[in-house]
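**Student:** A single structure is presented below for examination.
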Amino acid sequence: MAGYRQECYRGGDNTVYNQDYLTRREWLVRGGSAVLGLSLLGCEIEEQAGFNSTEGSLVPWASAPDTGAVSQVNLLEWEQLDSWVTPTSDLFQVGHYNRPVIQENEWNLEVGGLVENPLTFTLEELRSRPQQEEIFTLECAGNRGFSGFIGAVHNARWTGTSLASVLQDVGIKDSGIEVVFWGSDSGEEEIRGNKIVQHFARSMSIQDAMDSNLILCYAVNDDPLPNAHGFPLRLIAPGWYGVANVKWLKGIEIRDTRFMGRFMARDYVTLREEKVGDESVWMESSVGRTRINSVPAKVTLLEGNYRVHGAAWGSSVASVDVSVDGGPWRPAEISVSQDSPYSWTFWHMDWDGGSPGEHTITSRATDAGGRVQPATADPFIALKKTYWESNGQLTRRIVTGDQ
Ligand SMILES: Nc1nc2c(c(=O)[nH]1)N[C@H]1C(S)=C(S)[C@@H](COP(=O)(O)O)O[C@H]1N2
Ligand SMILES: [Mo]
């Protein structure tokens with residue numbers, strides 16, 4: 001299991017639990033009976049044959065995605081998936097501008113704009129504030145949007161300090177409506193004939209930014225952030241697509257207008273046709289909160305039995321169904337539960353392999369609000385003209401009977 005959560009412990013109440021899994025905060029905050037649930041989860045992860053490739057042999061997909069064009073971003077290889085928490089070296093990376101290498105002692109975070117009490121923080125000062133941890137499945141909004149780009153997703157354990165508490169300390173003025181997160185990376189843009197150099201930036205409403213799950217993050221999987229993932233500080237916004245999770249954060253600014261930077265208002269904008277009676281309404285929306293998603297990750301074969309393994313994320317996952325050859329949906333079993341609505345689940349479904357030959361396998365997740373992952377033919381996906389937010393059902397092909 002890729003060096004994660006090796007040891008289980010047996011508690012006085014005979015419950016087997018995995019102490020490694022439970023961080024200090026989880027012990028303190030969740031406490032009591034909740035620990036039981038967590039401890040079972042910890043061991044489930046360890047025991048789940050689900051993603052352990054030594055359990056049975058891997059049956060390769062008949063059509064491997066061509067990742068040639070995008071391989072430089074360290075995409076997740078679904079068939080290799082064997083760890084619920086993605087090891088740091090396996091995290092995919094996306095950067096739109098340069099990738100700054102920042103020295104800790106030459107860096108600080110400025111929090112200002114329409115605030116009563118502008119503050120500047122060193123990394124040490126942020127580290128000395130109360131710690132908060134989030135296990136979060138971060139997916140690039142472009143994931144699944146074009147051929148070969150299906151592994152831009154990771155589930156890591158992020159540590160930092162509460163954004164809301166920092167915003168409280170600076171005191172947002174009544175006139176403030178928008179929180180802009182500025183990255184240190186920059187690039188040249190041409191806007192209506194003007195060539196300018198611009199920093200990466202994203203924004204949120206104050207209400208969204210005050211969500212208690214958002215953290216100013218300085219560690220991943222208990223290590224300092226690697227340069228590629230935003231050292232020394234990034235925003236971690238559980239429940240939001242990757243683009244909102246600004247890396248190499250250098251400033252947080254409160255403003256009194258909506259912010260319309262490239263990554264809010266020009267790029268990462270979804271264009272979708274909506275039919276209202278006979279009329280087409282073209283809806284443009286800024287990529288924001290994640291949508292329910294799932295993929296079949298791999299198929300294993302053990303003593304003549306096939307098992308389809310997959311992951312689901314993007315919302316609170318209520319159930320996952322699998323269809324073989326476009327036939328009836330069959331419920332999958334959850335192998336590893338979510339830690340929160342923001343982490344992924346692993347699921348599996350046993351299958352006899354059908355008649356020898358080629359078959360298709362499609363997965364479909366449903367969230368706690370009853371939202372169903374749409375089919376690719378669903379107008380919600382089919383009438384979308386841009387590649388972001390492509391959470392349509394994924395169908396993969398496999399050949400059985402010749403192993
Ligand atoms: N400063 C900065 N932050 C950024 C980006 C960027 O280009 N610059 N890319 C965003 C996008 S589009 C994604 S998908 C995630 C990827 O995070 P990762 O590289 O840690 O996997 O970072 C986001 N944060
Ligand atoms: Mo992204």
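Just so it is clear, none of the values below were taken in a lab; they were calculated from the coordinates. Note that this is a predicted model, so its numbers are computed, not measured. Positions of Cβ are generated from backbone atoms using ideal geometry, with glycine treated the same way; all protein chains shown enter the neighbour counts.
**Student:** Counting only residues that are hydroxyl-bearing (S, T, Y) and part of a loop (DSSP other than H, G, I, E, B), which one in the range 259-300 is farthest from ligand 2 (Cβ to nearest atom)?
**Tutor:** T290
**Student:** Any idea how many residues of the range 136-149 are surrounded by 21 or more Cβ atoms within 10 Å (Cβ to Cβ) and either under 17 Å from I215 (Cβ atoms) or more than 14 Å from ligand 1 (Cβ to nearest atom) (or both)?
**Tutor:** 3
**Student:** From (1) under 22 Å from the mean Cα position of the chain (by Cα); (2) surrounded by fewer than 22 Cβ atoms within 10 Å (Cβ to Cβ), pick out the condition that doesn't hold for W347.
**Tutor:** Every listed condition holds for W347 apart from (2).
**Student:** Considering every residue within the range 281-301, establish whether at least one is free of Cβ contacts under 8 Å to residues at least 60 places away in the same chain and touching a helix residue (DSSP H, G or I) at 6+ places or on another chain (Cβ under 8 Å).
**Tutor:** Of the range 281-301, the ones free of Cβ contacts under 8 Å to residues at least 60 places away in the same chain are 281-286, 288-289.
Okay, now just the ones that are also touching a helix residue (DSSP H, G or I) at 6+ places or on another chain (Cβ under 8 Å), so 286, 288.
Yes, some residue in the range 281-301 is free of Cβ contacts under 8 Å to residues at least 60 places away in the same chain and touching a helix residue (DSSP H, G or I) at 6+ places or on another chain (Cβ under 8 Å).
**Student:** If you go through the range 241-258 one residue at a time, how many are within 10 Å of ligand 1 (Cβ to nearest atom) and either aliphatic (A, V, I, L, M) or within 22 Å of G145 (Cα to Cα) (or both)?
**Tutor:** Looking only at that region, the number is 7.
**Student:** So which strands (runs of 3 or more DSSP E) stay within the range 75-148 end to end and still have 2 or more residues that are under 30 Å from E188 (Cα atoms), in contact with a helix residue (DSSP H, G or I) (Cβ under 7 Å, 6 or more places away or on another chain) and within 16 Å of ligand 2 (Cβ to nearest atom)? Quick ask: steps written out before the conclusion?
**Tutor:** Working: elements: 109-113, 119-121, 131-139.
Because the criterion is at least 2 residues that are under 30 Å from E188 (Cα atoms), in contact with a helix residue (DSSP H, G or I) (Cβ under 7 Å, 6 or more places away or on another chain) and within 16 Å of ligand 2 (Cβ to nearest atom), the strands (runs of 3 or more DSSP E) in the range 75-148 that meet it are 131-139.
**Student:** In the range 210-223, what residues are within 16 Å of N108 (Cα to Cα) and either touching a Pro at 6+ places or on another chain (Cβ under 8 Å) or within 7 Å of ligand 1 (Cβ to nearest atom) (or both)?
**Tutor:** Across the range 210-223, the qualifying residue is only Y218.
**Student:** Could you tell me whether the range 186-207 includes any residue that is more than 14 Å from ligand 1 (Cβ to nearest atom), within 29 Å of W344 (Cβ to Cβ) and without any contact (Cβ under 8 Å) to a residue 24 or more places away in the chain?
**Tutor:** Yes, the conditions are met somewhere in the range 186-207.
**Student:** Given the conditions (1) free of Cβ contacts under 8 Å to residues at least 60 places away in the same chain; (2) buried (at least 17 other Cβ atoms within 10 Å of the Cβ); (3) farther than 30 Å from L58 by Cβ, which single one is not true for V308?
**Tutor:** (3)
**Student:** Would you mind finding the one in I236, I172 that is closer than 21 Å to G288 by Cα and surrounded by 18 or more Cβ atoms within 10 Å (Cβ to Cβ)?
**Tutor:** Only one candidate passes the filter, namely I236.
**Student:** Same structure again: Among the numbered criteria (1) among the polar types (S, T, N, Q); (2) more than 16 Å from ligand 1 (Cβ to nearest atom); (3) touching a Ser or Thr at 6+ places or on another chain (Cβ under 8 Å), which one does Q168 miss?
**Tutor:** Of (1) among the polar types (S, T, N, Q); (2) more than 16 Å from ligand 1 (Cβ to nearest atom); (3) touching a Ser or Thr at 6+ places or on another chain (Cβ under 8 Å), only one is false for Q168: (3).
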